[in-house]
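One structure is given here, and the rest of the page talks about it.
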Amino acid sequence: MGINEKFDFILGDCLSVLKSMENESVNCVITSPPYWGMRKYDNNGHKDEIGNEPDFSLYLSRLTEVFHEVKRVLTPDGSLWLNLGDKYNNKALMGMPWRVAFSLMDNGGWILRNDVIWNQRKGTQSCKDRLRDSYEHFFHFVKSKKYYYDGDAIRIKPTKKPKLVNGA
């Protein structure tokens with residue numbers, strides 16, 4: 001991206017804002033929607049905010065609806081980067097990131113290109129009967145097989161050369 005590129009930040013209900021946008025008007029979406037059943041974001045008592053659905057299947061349905069609109073506003077060569085963490089319910093890991101990813105592919109027609117693991121070193125929760133969560137998924141979705149990708153722009157060059165020991 002050039003330094004003179006324009007970026008807009010829009011505040012509002014995501015579905016309402018997306019529905020007001022023009023088709024194929026956005027090149028890239030990077031988002032981390034509220035995780036299901038983790039916290040309340042709205043202090044005004046709205047019970048219909050995403051993430052507070054009484055059932056995870058309703059959460060999946062609502063996110064799929066939102067990302068249907070994201071797909072509509074995304075340019076044909078655009079990308080969606082989606083960060084999601086997982087959730088335990090009744091001591092069982094839900095697999096929520098993959099449930100969302102499968103719903104977007106099966107019900108939304110998205111193409112999943114990558115699953116990047118965000119290693120969080122310390123983890124997010126303290127637990128006594130299981131390992132601590134120490135990663136989240138960062139999914140890369142596209143809407144068509146031909147999309148913009150510049151691997152050199154995101155590649156990190158090592159600051160040090162590797163040390164050779166015994167020729168290896």
Task: Where a residue in region 141-154 is without any contact (Cβ under 8 Å) to a residue 60 or more places away in the chain and more than 15 Å from E24 (Cα to Cα) and its partner, wherever it lies, is open to solvent by less than 80 Å² (accessible area, probe 1.4 Å) and among the polar types (S, T, N, Q), with Cβ under 7 Å and at least six apart - done: none
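Which is exposed (fewer than 10 other Cβ atoms within 10 Å of the Cβ) and more than 18 Å from the chain's Cα centre (by Cα), of R132, R121?
Numbers: R132 fails: exposed (fewer than 10 other Cβ atoms within 10 Å of the Cβ).
Going through R132, R121 in turn, just one is exposed (fewer than 10 other Cβ atoms within 10 Å of the Cβ) and more than 18 Å from the chain's Cα centre (by Cα): R121.
Per-residue answers, yes or no, for (1) at pLDDT 85 or above; (2) open to solvent by less than 60 Å² (accessible area, probe 1.4 Å):
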{"position": "E5", "(1), (2)": "no, no"}
{"position": "P33", "(1), (2)": "yes, yes"}
{"position": "T64", "(1), (2)": "yes, yes"}
{"position": "H68", "(1), (2)": "yes, no"}
{"position": "D77", "(1), (2)": "yes, no"}
{"position": "N83", "(1), (2)": "yes, yes"}
{"position": "Y88", "(1), (2)": "yes, no"}
{"position": "M96", "(1), (2)": "yes, yes"}
{"position": "V100", "(1), (2)": "yes, yes"}
Task: Filter pass, R72 being open to solvent by 40 Å² or more (accessible area, probe 1.4 Å), free of Cβ contacts under 8 Å to residues at least 60 places away in the same chain, closer than 24 Å to S16 by Cα and not polar (S, T, N, Q) - done: yes
TODO: Working only within region 68-94, note down all residues that are out of contact with any Lys or Arg (no Cβ under 9 Å at 6 or more places or on another chain) and closer than 16 Å to D115 by Cβ.
DONE: W81, L82, N83, L84, G85, D86
Open item on the list: Among the listed residues V142, V116, identify the single one that is of a type in the set (A, V, I, L, M, F, W, C), under 13 Å from the mean Cα position of the chain (by Cα) and crowded, with 18+ Cβ neighbours inside 10 Å.
Closed with: V142
Open item on the list: Among the residues of region 8-27, are any at pLDDT below 95, touching a strand residue (DSSP E or B) at 6+ places or on another chain (Cβ under 7 Å), farther than 22 Å from N107 by Cβ and not aromatic (F, W, Y)?
Closed with: yes
Open item on the list: If I go through region 65-108 residue by residue, how many of them are hydrophobic (A, V, I, L, M, F, W, C), part of a helix (DSSP H, G or I) and under 20 Å from V142 (Cβ atoms)?
Closed with: 10
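Among the candidates N52, N27, N89, which residue alone is more than 30 Å from Y149 (Cβ to Cβ) and under 19 Å from the mean Cα position of the chain (by Cα)? Break it down stepwise before answering.
On the way: N27 fails: more than 30 Å from Y149 (Cβ to Cβ); N89 fails: under 19 Å from the mean Cα position of the chain (by Cα).
After applying the criteria, what remains is N52.
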Open item on the list: If I filter region 41-60 down to residues being of a type outside the set (G, A, S) and in contact with a Lys or Arg (Cβ under 8 Å, 6 or more places away or on another chain), which single residue comes out as modelled with the highest pLDDT?
Closed with: L60
- [ ] Among the numbered conditions (1) surrounded by fewer than 15 Cβ atoms within 10 Å (Cβ to Cβ); (2) outside any loop (DSSP other than H, G, I, E, B); (3) among the β-branched types (V, I, T), tell me where T159 comes up short.
- [x] (2)
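The values are calculated or read from the model by the stated rules, or taken from the named source; none is laboratory data. Since we're looking at a predicted model, the values are computed, not measured. Cβ atoms come from the backbone with ideal geometry, glycine included; neighbour counts cover every protein chain shown. Just the protein is used for accessible areas: all its heavy atoms, side chains included, with ligands, DNA and RNA removed. Shrake-Rupley method; radii C 1.70, N 1.55, O 1.52, S 1.80 Å.
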